[in-house]
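S.K.: One structure coming up, written as structure tokens, with questions to follow.
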Amino acid sequence: MNCEEIRNNFADYWRGTLGPAETQQIETHLASCPQCRAEAEGLKYVWGALGEMEPLEPRPALRARFYASLREMENREAERSRRFWWLRNPVFQAASAFAILLLGILIGNMTARESGQVAQLRTEVNSMKQLVTLSLLQQQNASDRLRGVTWSYRVEQSDSEVLGALLTTVNHDTNTNVRLAAVDALRNFADSPVGRHGLVQALNKQDSPLVQIAILDELVDLRVKSAVPAINTLKASAGVNPEVRQHADWALAKLQ
């Protein structure tokens, strides 16, 4: 052992808790190291003095103050219990439970009424949006019909009347820009089988290459594989625009 290890074992050495081999190592080291021997002798004196000290007993005054504090705390706890005795009364607890139940029923009824009112208001708003959309789509002015297409984005996707009006606009509107806008608006009804089928049927009813290309793009984006026969029919048409035919080839490659 070196000096540091010897010093770390001094306490156990003087307590006599070391084994014979470790004790022998320490004694051999102490015989050859004056510095460690001097420190060990000093520690031996301190250890012996500690062993001779008598255990201290608390003074009577300290004990009295402790029990006085304990009694005061017990008195405060008892006073608090007497003050709020009614909280533990079974009658009060039953009444409180009934009051909470009654309050919950009242709040539930109020919430149900408010929910019904909100649902009714939502229905009225949707009806108003539908009315505005359908009205604008029937106007003579192309700008008004474009506004109608824009309003169609505000209706719910389940609105079959607006969906039908948009498909009619794609197939029959005299203004190319209005038809292009209606094709784009049909994306809002992408989950509707009626909307997808109507878009496929509209492909070969168009006389504008721009509208045909827009429909092809949307069919590809929506992955409408049922459009393949209609696209082949468009390709085989005698008067089809070369760019439209090229775009049809691209669409077929994407969908097949």
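Coordinate-derived values only; no laboratory data. All values reported here derive from a predicted model rather than from experimental measurement. Here the Cβ positions follow ideal geometry from the backbone for every residue, glycine too, while neighbour counts run over all protein chains shown.
S.K.: List the residue pairs whose Cβ atoms are under 7 Å apart, where the first residue sits in segment 130-149 and is over 12 Å from Asn175 (Cα atoms) and touching a residue at least 24 places away in the same chain (Cβ under 8 Å), the second is assigned to a helix (DSSP H, G or I) and of a type in the set (Phe, Trp, Tyr), and the two are 6 or more positions apart or on different chains.
M.R.: Close Cβ pairs satisfying both conditions: Thr133/Trp151.
S.K.: Still on this model: Taking Val211 as meeting all but one of (1) of a type outside the set (Asp, Glu); (2) under 22 Å from Leu252 (Cβ atoms); (3) without any contact (Cβ under 8 Å) to a residue 40 or more places away in the chain, write down the number of the exception.
M.R.: Among (1) of a type outside the set (Asp, Glu); (2) under 22 Å from Leu252 (Cβ atoms); (3) without any contact (Cβ under 8 Å) to a residue 40 or more places away in the chain, Val211 violates only (3).
S.K.: In segment 246-256, what count of residues is obtained for those that are in contact with a helix residue (DSSP H, G or I) (Cβ under 8 Å, 6 or more places away or on another chain), not hydrophobic (A, V, I, L, M, F, W, C) and not in a loop (DSSP other than H, G, I, E, B)?
M.R.: Result for segment 246-256: 3.
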